[in-house]
């Protein structure tokens, strides 16, 4: 099923998330409580790119949004260190964009990489 989805949506790789109370991964969720305008969303992603560039050497990683909706964004992490770094980067981008959001974290996922750098 995951490989079919990858082919359909032209994905380069796929990570399968398995709920596991002892898993080291999880997700960060920022809920805006309202729909963001296209301008607000564009501003946020521009600022997110800039913060990633500014902190890129420090974290040696890029922290983007894993899923986005009209009212929320999520970042899925695989370790506590990645979680902390993503919180810093995304919170800074939200601040630069003057966007307020309710934040929550959900732990307890394992990540299984199905494919990397391959076509399905």
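The values are calculated or read from the model by the stated rules, or taken from the named source; none is laboratory data. It should be emphasised that the depicted structure is a prediction, and the values quoted were computed from it without experimental measurement. Every residue, glycine as well, gets a Cβ built from its backbone with ideal geometry; the counts of neighbours run over all protein chains shown.
See the values below:
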item: Sole exception among (1) surrounded by 13 or more Cβ atoms within 10 Å (Cβ to Cβ); (2) modelled with pLDDT of 95 or more for residue 34, by number; result: (1)
item: First in region 89-110 and on the phi > 0 side of the Ramachandran plot, second anywhere and crowded, with 18+ Cβ neighbours inside 10 Å, Cβ under 7 Å, 6 or more apart; result: 108/26
item: Subset of region 15-40 [closer than 17 Å to residue 73 by Cβ, touching a helix residue (DSSP H, G or I) at 6+ places or on another chain (Cβ under 8 Å) and outside any loop (DSSP other than H, G, I, E, B)]; result: 26, 28, 30
item: Hits in region 13-39 (condition: more than 17 Å from the chain's Cα centre (by Cα) and over 21 Å from residue 104 (Cα atoms)); result: 37, 38, 39
item: Hits in region 15-43 (condition: within 17 Å of residue 96 (Cβ to Cβ) and out of contact with any strand residue (DSSP E or B) (no Cβ under 8 Å at 6 or more places or on another chain)); result: 36, 37, 39, 40, 42, 43
item: In region 59-93, residue surrounded by the fewest Cβ atoms within 10 Å (Cβ to Cβ) [restricted to those that are more than 19 Å from residue 25 (Cα to Cα) and in contact with a helix residue (DSSP H, G or I) (Cβ under 7 Å, 6 or more places away or on another chain)]; result: 92
